[in-house]
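Just below is one structure, and these are the notes that go with it.
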Amino acid sequence: MIEILFSILLLILAINSIYLLVFSLAAFVKKNSDKPKNNHNHQNSFVILIPGYKEDRVIIESAKAALSQNYPVRLFKCVVIADDFSSDTIKYLFKMGVEVIQLRNDTKRTKAKAIQYYLNKCHIAEEACVLLDADNVIGTDFLEGANRYLNEGYEIVQANRVAKNQNTDMARLDSLSEIANNFIFRKGQRALGLSSSLIGSGIITKMGLFQKVMKGMDVISGFDKEMEIRLLEQGVKIRFAEDLEVKDEKVDSEEVFVGQRRRWNYAQWFFFRKYAGKSVQQLFQKGNFDYFNKVIQFALLPRIVVLGASAIAAVLSPFIGLSFLVCAVLNLILVSFSLI
C-alpha cells in the first residue's frame with residue numbers, strides 16, 4: 001500500500017515537474033516573437049481603468065503614474081472605480097483630473113462586477129483599455145508601447161508585471177513567484193505558440209473585445225481566469241509584452257501571502273472542475289489545444305508545493321526502494337532545474 005501511494009505521489013509530481021520544465025526550457029531557448037515590428041502611425045485612444053476596494057493608501061501614486069504618460073492628453077483618460085474609498089481620496093483624485101466612478105453600497109463586491117458596472121453604465125468612446133490594479137505603477141512610455149502592440153494587430157496583451165517593493169522576505173518570495181510565472185506561463189507559453197496567461201492587471205485590450213468578454217461574467221474570484229477561458233474558446237490569442245513593465249506591490253506579511261494563495265488555489269480548482277469536461281470536447285472536436293492547455297494549468301499544484309513535496313519524497317524514497325529513490329531524485333532535479 002505504501003509503494004502504491006508513493007508511486008501515485010511521484011506520478012503527480014512528475015507531471016507537474018515535466019510541464020514546468022518544458023515551458024521553462026522553451027522560454028529560455030526561444031525569443032519572444034510578440035514584440036511589435038511595424039511602424040503604423042495610428043494612435044489609439046485609451047482608458048486606463050483602475051478598480052479598487054478600500055485602496056486609499058496606494059491609489060494616488062498609481063493615478064499619478066497613469067496620468068503622466070508621454071502620449072497625447074486628448075487620447076487617454078484615467079478612470080478609478082472607487083469602491084468604499086474615503087471622501088478625501090475621491091476629492092483628491094478629482095482635483096488630479098481622474099474620472100472617478102463611485103460604486104453604490106453593495107454586499108456583493110467583486111472586481112468583475114465593478115468593471116461591468118463601468119462598462120454598462122458609462123459612455124465609452126475609447127478604442128482600447130489598460131486594466132490596472134490600484135497598487136500598480138506604470139512608466140511614462142507605457143501607453144506608447146501599448147499602442148505599438150495594438151497596431152501590430154494584437155487584440156489582447158498581458159504586460160510584464162514586476163515587483164514594486166522587496167522590503168520583506170515575503171515580498172521577495174512573492175516577487176520570485178511572479179518572475180517564475182512570467183517566465184513559464186507567459187514567455188514559455190508564447191515560445192511554443194500558445195496563449196500567455198493573464199494576471200488580472202496590466203492587461204491591454206481592444207475595447208470591443210473587453211466589453212464582449214466581460215458581459216455577463218459572474219465570478220467571485222479569478223475573473224482573469226474566466227476571461228482566459230472565454231477568449232480561448234473564441235480562438236483569441238493572448239500575447240505577452242515582455243518589454244512593457246507594470247510595477248506591482250508585493251505582499252509583505254505571511255498572513256496576507258497565505259490568504260492570497262489560498263484564494264488563488266481555490267479559484268484554480270473551481271475553474272478546473274467547471275471546465276475540465278469542456279476542455280476535452282474543445283480538444284477533440286475543435287482541435288483547440290490552447291483551451292485544453294489552459295485547463296491543465298488550473299490542475300497544476302503550486303510550484304512551492306511541487307518543490308517541497310519533491311524534496312520530501314527524495315528524502316523518504318530510500319526507505320521504500322532503490323527504484324523509488326532514482327525516480328524521486330530525478331523528479332527533484334527536474335523541478336529544481338526548471339525553476340533555476
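Structural remarks
- Subset of region 22-37 [open to solvent by 30 Å² or more (accessible area, probe 1.4 Å) and assigned to a helix (DSSP H, G or I)]: V22, L25, F28, V29
- Of all residues in region 152-174, those that are under 19 Å from E61 (Cβ atoms) have Cβ atoms under 9 Å from Cβ atoms of residues that are basic (K, R) and not in a loop (DSSP other than H, G, I, E, B), 6 or more apart or on another chain, in R161/K247; V162/K247; A163/R172; A163/K247; K164/K247; N165/K247; Q166/R172.
- Annotation note: of L198, L176, the sole residue that is surrounded by fewer than 17 Cβ atoms within 10 Å (Cβ to Cβ) and either in a strand (DSSP E or B) or of a type in the set (A, V, I, L, M) (or both) is L176.
Each row is one residue, and each column tells you yes or no for (1) closer than 21 Å to K37 by Cβ; (2) in contact with a strand residue (DSSP E or B) (Cβ under 9 Å, 6 or more places away or on another chain); (3) of a type in the set (F, W, Y).
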| position | (1), (2), (3) |
| --- | --- |
| A114 | no, yes, no |
| Y117 | no, yes, yes |
| G139 | no, yes, no |
| K187 | yes, yes, no |
| S197 | no, yes, no |
| M207 | no, yes, no |
| M217 | no, no, no |
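- The set of residues from region 234-262 being part of a strand (DSSP E or B), open to solvent by 20 Å² or more (accessible area, probe 1.4 Å) and over 20 Å from D174 (Cα atoms) comprises R239, D243.
- Of the helices (runs of 4 or more DSSP H) entirely within region 277-340, none holds at least 2 residues that are at pLDDT 95 or above, in contact with a strand residue (DSSP E or B) (Cβ under 7 Å, 6 or more places away or on another chain) and over 29 Å from V258 (Cβ atoms).
- The listed residue being modelled with pLDDT under 95, of a type in the set (A, V, I, L, M, F, W, C), under 16 Å from R74 (Cα atoms) and open to solvent by less than 40 Å² (accessible area, probe 1.4 Å), out of I124, I101, I115: I124
- Evaluation of R57 against (1) over 20 Å from I124 (Cβ atoms); (2) touching a Pro at 6+ places or on another chain (Cβ under 7 Å) (one fails), failing number: (2)
- Residues within region 97-132 that are in a loop (DSSP other than H, G, I, E, B) and in contact with a Lys or Arg (Cβ under 9 Å, 6 or more places away or on another chain), tallied: 6
The values are calculated or read from the model by the stated rules, or taken from the named source; none is laboratory data. As the structure is a computational prediction, the values presented were derived from the model and not from experiment. Glycine gets a Cβ as well: all are built from the backbone with ideal geometry, and neighbour counts include every protein chain shown. Remember, those area values only see protein heavy atoms, side chains included, never the ligands or the DNA or RNA. Shrake-Rupley method; radii C 1.70, N 1.55, O 1.52, S 1.80 Å.
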